[in-house]
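Colleague: Handing you a structure now.
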Amino acid sequence: MCGAWNAVVEELPVGPLLKAPNYQLGKPFELVRLDHVSADAARLKTGINELDRVCGGGIVPGSTLLLGGDPGIGKSTLLLQGLAGLNKENCRCIYISGEEAVDQIQRRATRLGIKDSALEVATNTSVGDIAATLQANPPHLFVIDSIQTMYTGNLDSAAGSVGQVRSSAQSLSQFAKEFGSAVILVGHVTKDGQIAGPRVLEHMVDTVLYFEGERTHQYRVLRAVKNRFGPTDEIGIFEMTNRGLIEAENPSESFIGARNGNVAGSAIFAGIEGSRPILVEFQALVSSSPFSTPRRAVVGWDAGRLAMILAVLESRCDVKFNGKDVYLNVTGGLRINEPAADLAAAAALISSLSGKTIINNAVIFGEIGLTAEIRPVAQIDARIKEAKKLGFEHVYTPSGGRTSKTSLQISEIDRLQQLVDALGVRE
Ligand SMILES: Nc1ncnc2c1ncn2[C@@H]1O[C@H](COP(=O)(O)OP(=O)(O)O)[C@@H](O)[C@H]1O
Ligand SMILES: [Mg+2]
């Protein structure tokens, strides 16, 4: 293309490669037969089950992890607690902070009850100094908190710029591979377009974990979005307390525990996150709108999905939301991505509009198609089992897909209209 930058491409003259003038051979390298590769070295386990599971059963030696999240969400807390756990396993770990002084880290460790750990800590921001320090006696694992504070002397730009963040991450990751030490890089998600945030690093690391949650809620969710050594749909759930993060061993109980009886606009969704069933509450509020363009607001779910369900309800089931503000909220601060939540969202919306409550003690799940059909979802048995465990008595489910018997009362739903009829919209 004329008039464009970088449009001229340099090429070697066509001909036999090795005979080309000025062609330089590189250095030969060693090839390894696949069946001669030594067995996987044991993974490093922090003892925090929620963290180890999300990593795919522990951290792989020599690998690079990126832990991203909003500032203040609890990344440093999680890692300090995790490293203290690892240290108990005769594993040498080092925590390097570019943000906090050593006495600040010690104060935090005291608050978290891990002051007596053999974990080694330091404050430093120079990648060169860190490599020089670690190579004398490479640890099993080291943490860099955060990558945005690091700089390499090879570049002139300031710490935190895209170039510095990339080049620091690359050097640290290379060091990790060469010396067999795993490295965890902390990356703050920047509000303004993620410049120099974790996104620019995702392709160069082995595992990307995000720590999410509403800062005003006590729950935090650790989610794997990329993992060369494990599944990516696992989540770990924690509760933030003043003694640090506590694993939520029974997340369903945590998420629906605070429920306030059976009210209109509330539906309990039996979901699956990774390998685990989790019950959460969907709440909807539909009210007359004072605006010419009514508001649609959603927390913890996809706004596009809400728009689709409202459209299906309006055009296929004649349930009208025009002139109404619609708010949808997943309680507890969890973000749901499963399409199986469609039916729970629809139930909460219809119930709020009609003022009629959903049968007490019922859970609901199913994917809604554009013709208002209800599509089957995965792992129906596991969802029903979790509902039973938590004392629910009734299940709204797409038909089929069940392989084991249950004592719960089952209502099969094939068309969205059946739900609308059951929750009778008052005109
Ligand atoms: N002295 C304290 N007492 C109780 N909670 C605290 C204290 N200091 C920090 N926290 C909690 O820890 C959170 C900060 O976690 P931190 O691990 O520093 O986040 P990040 O590393 O992601 O920026 C705060 O939002 C707060 O909830
Ligand atoms: Mg921090």
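Colleague: Can you send over the carbon and sulfur percentage of the accessible area for the chain, probe radius 1.4 Å, protein chains only? Intermediate results must be reported in sequence, preceding the final value.
Modeller: Numbers: 11020 of 21630 Å².
Result for the chain: 51 percent of the exposed heavy-atom area is carbon or sulfur.
Colleague: Ok, one more. Name the residues whose placed amide hydrogens come within less than 5 Å of the amide hydrogen of K226, ignoring near sequence neighbours (fewer than 5 apart) on the same chain.
Modeller: Close amide H contacts, sequence-distant or interchain: V208.
Colleague: Past 23 Å, Cα to Cα, is the threshold; run K45/K115; K45/K177; K356/K405; K356/K385 against it and keep the listed order.
Modeller: Working: K45/K115 20 Å; K45/K177 19 Å; K356/K405 30 Å; K356/K385 27 Å.
K356/K405; K356/K385, as the Cα separations exceed 23 Å there.
Colleague: Name the chymotrypsin sites (Phe, Trp or Tyr not before Pro) in region 275-304 that are in a loop by DSSP and that have at most 10 other C-beta atoms within 10 Å, would you? Kindly include the intermediate steps, with their values, before the conclusion.
Modeller: On the way: sites: F282, F291, W301; in loops: F291, W301.
Answer by residue number: F291.
Colleague: Still on this structure: With a/c under 1.5 counting as rounded, go ahead and sort region 42-249 into rounded, prolate or oblate using the C-alpha gyration tensor (a ≥ b ≥ c being the square roots of the eigenvalues; past the cut-off, prolate if a/b is larger than b/c, else oblate).
Modeller: Details: a/c = 1.31, a/b = 1.18, b/c = 1.10.
Since a/c stays below 1.5, the shape of region 42-249 is classed as rounded.
Colleague: Sticking with this structure for a sec: Could you give the size of the charge dipole of region 256-315 about its Cα centre, using +1 on the Cβ of each K and R and -1 on the Cβ of each D and E, expressed in debye and rounded to the nearest 20? Provide the component values of the computation, followed by the final result.
Modeller: Values: 5 positive and 4 negative charges, 17 e Å.
I would put it at about 80 debye.
Colleague: Expected output is a single nm value to one decimal: the length gained when fully extending between V225 and S289, i.e. 0.36 nm times separation in residues minus the C-alpha distance. What is it?
Modeller: 19.2 nm
Colleague: While we're looking at this one, here's another question. May I ask you to compute the full-extension gain from T190 to H217, defined as 0.36 nm times their residue separation minus their alpha-carbon distance, rounded to one decimal in nm?
Modeller: Values: separation 27, 0.36 × 27 = 9.72 nm, distance 2.04 nm.
Roughly 7.7 nm would be gained on extension.
Colleague: Work out the FRET efficiency for R111 and K177 from their Cβ-Cβ distance, taking R0 = 41 Å, and round it to the nearest 0.05.
Modeller: On the way: r = 35 Å, r/R0 = 0.85.
E(calc), rounded to 0.05, equals 0.75.
Colleague: Still on this structure, I have one more. Around S404, under 15 Å between beta carbons, what's the net of Lys plus Arg minus Asp minus Glu among the other residues? The partial results should precede the final answer.
Modeller: On the way: positive: R383, K385, K388, K389, R402, K405; negative: D381, E386.
Within the 15 Å Cβ shell, the charges total +4.
Colleague: While we're here: Suppose R0 equals 25 Å. What FRET efficiency, 1/(1 + (r/R0)^6) with r the Cβ-Cβ distance, do T406 and N262 give to the nearest 0.05? Walk me through the numbers before you get to the answer.
Modeller: Numbers: r = 21 Å, r/R0 = 0.86.
It comes to 0.70.
Colleague: Moving to a separate point now. Find how many whole Å separate the alpha carbon centroid of region 337-355 from the alpha carbon centroid of region 57-135.
Modeller: 43 Å
Colleague: Run the reach check for K19 against lysines, Cα to Cα strictly under 20 Å, same-chain hits fewer than 8 apart removed. What comes back?
Modeller: Qualifying lysines at Cα under 20 Å: K27.
Colleague: Assigning unit charges at the beta carbon (Lys, Arg +1; Asp, Glu -1) and nothing else, what dipole magnitude in debye, to the nearest 20, does region 253-422 show about its Cα centre?
Modeller: Working: 18 positive and 17 negative charges, 33 e Å.
Roughly 160 debye, rounded to the nearest 20.
Colleague: Residue by residue through region 288-305, which ³J(HN,Hα) values in whole Hz follow from phi under the Karplus form 6.51 cos²θ - 1.76 cosθ + 1.60 (θ = phi - 60°), with glycine and proline marked x?
Modeller: For region 288-305, the Karplus-derived couplings read 4, 9, x, 9, 6, 10, x, 7, 10, 10, 9, 10, x, 8, 8, 5, x, 5 Hz, x marking Gly and Pro.
Colleague: Amide H neighbours of R215 under 5 Å, counting only residues 5+ apart in sequence or on other chains, H built in-plane at 1.01 Å?
Modeller: Result for R215 returns nothing.
Colleague: Something else: Just to confirm a number: summing +1 for Lys and Arg and -1 for Asp and Glu over residues other than L416 whose beta-carbon lies under 12 angstrom from that of L416, what do you get? Before the final figure, lay out each step's value.
Modeller: Details: positive: R316, R375, R415; negative: E314, D318, D342, E367, E373, D414, D421.
Every neighbour counted, the sum reads -4.
Colleague: A follow-up question, please. How many angstrom separate the Cα center of region 282-309 from the Cα center of region 167-243?
Modeller: The two parts, judged by their Cα centres, are 31 Å apart.
Colleague: Calculate one ³J(HN,Hα) per residue across region 65-73 by plugging θ = phi - 60° into the Karplus curve 6.51 cos²θ - 1.76 cosθ + 1.60, and present them in order as whole Hz with x for glycine and proline.
Modeller: 10, 10, 10, x, x, 4, x, x, 7
Colleague: Mind checking which aspartates and glutamates have their Cα closer than 16 Å to the Cα of K324? Skip sequence neighbours fewer than 8 apart in that chain.
Modeller: Reachable aspartates and glutamates: E314, E427.
Colleague: How much length is gained if the chain between A422 and K88 is pulled fully straight, taking 0.36 nm per residue apart and subtracting their Cα-Cα distance, in nm to one decimal?
Modeller: On the way: separation 334, 0.36 × 334 = 120.24 nm, distance 5.61 nm.
Answer, rounded to one decimal: 114.6 nm.
Colleague: Would you mind working out the accessible area per residue for the chain, using a 1.4 Å probe, and quoting it in Å²? Before the final figure, lay out the partial values.
Modeller: On the way: 21630 Å² over 427 residues.
Ligands and nucleic acids excluded, the result is 51 Å² per residue.
Colleague: Let me ask something else. For region 42-249, what is the charge dipole size about the Cα centre, in debye to the nearest 20, if Lys and Arg each add +1 at the Cβ and Asp and Glu each add -1 at the Cβ?
Modeller: Values: 20 positive and 23 negative charges, 30 e Å.
Its charge dipole is roughly 140 debye.
Colleague: Another question, then. May I ask for the angle, rounded to the nearest 10°, between helix 342-354 and the longest principal axis of the chain, with both axes built from Cα atoms and the value confined to 0 to 90°?
Modeller: 40 degrees
Colleague: In the neighborhood of E253, defined by Cβ-to-Cβ distances under 11 Å, what is the net charge if each Lys or Arg adds +1 and each Asp or Glu adds -1? Don't jump to the answer; show the numbers that get you there.
Modeller: Numbers: positive: R259, K389; negative: E249, E386.
Around E253, the charge tally is 0.
The values are calculated or read from the model by the stated rules, or taken from the named source; none is laboratory data. This structure is a prediction, so every number in the text was calculated from the model and none was measured. Positions of Cβ are backbone-derived with ideal geometry, glycine not excepted, and every protein chain shown enters the neighbour counts. When the accessible area is computed, the model is the full protein with side chains, heavy atoms only, and any ligands, DNA or RNA have been set aside. Shrake-Rupley method; radii C 1.70, N 1.55, O 1.52, S 1.80 Å.
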